[in-house]
Amino acid sequence: MPTREFVFVVDDDPSMLTGMKRLLKEHGFSVRPFASGAALLGYGDLRRAFCVILDINLDGQSGIELRRDIANRDGGLPVIFITGNDSDANRSAAIEAGCIAYLPKPFSARSLIEPVERARASMA
């Protein structure tokens, strides 16, 4: 079985993707960035990740729907949702889809790092 060593990050905004990758690497995490849900699912082996960070509003796809696809492939993989469109509906949908954190953009570095650390500990 592959080692769960990566944080997978899915965001269609290249600057957010680059910023989160840099931040996570600075805190000692191995990161695999994906610009779309299709790219993540095309990668194939979700068992390499101990956590997935998903933007709720991906270009042409819902991060909530992508979470359901991930759950069908690896039900126990912790997910952190991020969004630039915070709303009660998004928050409720994220919680119902199963997430360990919901972060409206912009968020602090610590608010992202803490749930990633918890996810790593839970998958160890």
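Tabulated data for the structure shown
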| item | result |
| --- | --- |
| Qualifying residue in the stretch 36-45 (condition: under 12 Å from the mean Cα position of the chain (by Cα), part of a helix (DSSP H, G or I) and under 21 Å from Thr3 (Cα atoms)) | yes |
| Selected residue (criterion: surrounded by the fewest Cβ atoms within 10 Å (Cβ to Cβ)) from residues of the stretch 97-122 that are among the β-branched types (Val, Ile, Thr) and under 17 Å from Leu23 (Cα atoms) | Ile113 |
| Any helices (runs of 4 or more DSSP H) falling wholly within the stretch 50-124 and containing at least 3 residues that are of a type in the set (D, E, K, R) and at pLDDT below 95 | 63-73 |
| Out of Ala38, Ala49, Ala71, sole residue that is touching a Phe, Trp or Tyr at 6+ places or on another chain (Cβ under 6 Å) and not charged (D, E, K, R) | Ala49 |
| Filter result for Asp12 (in a loop (DSSP other than H, G, I, E, B), crowded, with 18+ Cβ neighbours inside 10 Å and either at pLDDT below 95 or not hydroxyl-bearing (Ser, Thr, Tyr) (or both)) | yes |
| Residues that are touching a residue at least 12 places away in the same chain (Cβ under 8 Å) and of a type in the set (D, E, K, R), drawn from the stretch 78-102 | Asp86 |
| Contacts under 8 angstrom Cβ, first residue in the stretch 2-24 being charged (D, E, K, R), partner part of a helix (DSSP H, G or I) and surrounded by fewer than 19 Cβ atoms within 10 Å (Cβ to Cβ), 6 or more apart | Arg4/Arg47; Arg4/Arg48; Arg4/Met123; Glu5/Arg48 |
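For every residue, the table says whether it meets (1) surrounded by fewer than 19 Cβ atoms within 10 Å (Cβ to Cβ); (2) at negative phi; (3) touching a strand residue (DSSP E or B) at 6+ places or on another chain (Cβ under 9 Å).
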{"site": "Arg47", "(1), (2), (3)": "yes, yes, no"}
{"site": "Phe50", "(1), (2), (3)": "no, yes, yes"}
{"site": "Leu54", "(1), (2), (3)": "no, yes, yes"}
{"site": "Asn72", "(1), (2), (3)": "yes, yes, no"}
{"site": "Gly76", "(1), (2), (3)": "yes, yes, no"}
{"site": "Asp88", "(1), (2), (3)": "yes, yes, no"}
{"site": "Ser92", "(1), (2), (3)": "yes, yes, no"}
{"site": "Ile95", "(1), (2), (3)": "yes, yes, yes"}
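The values are calculated or read from the model by the stated rules, or taken from the named source; none is laboratory data. Predicted, not measured: the structure shown is a model, and the values here were computed from it. Methodologically, a virtual Cβ is constructed for each residue, glycine included, from the backbone with ideal geometry; neighbour enumeration extends over all protein chains shown.
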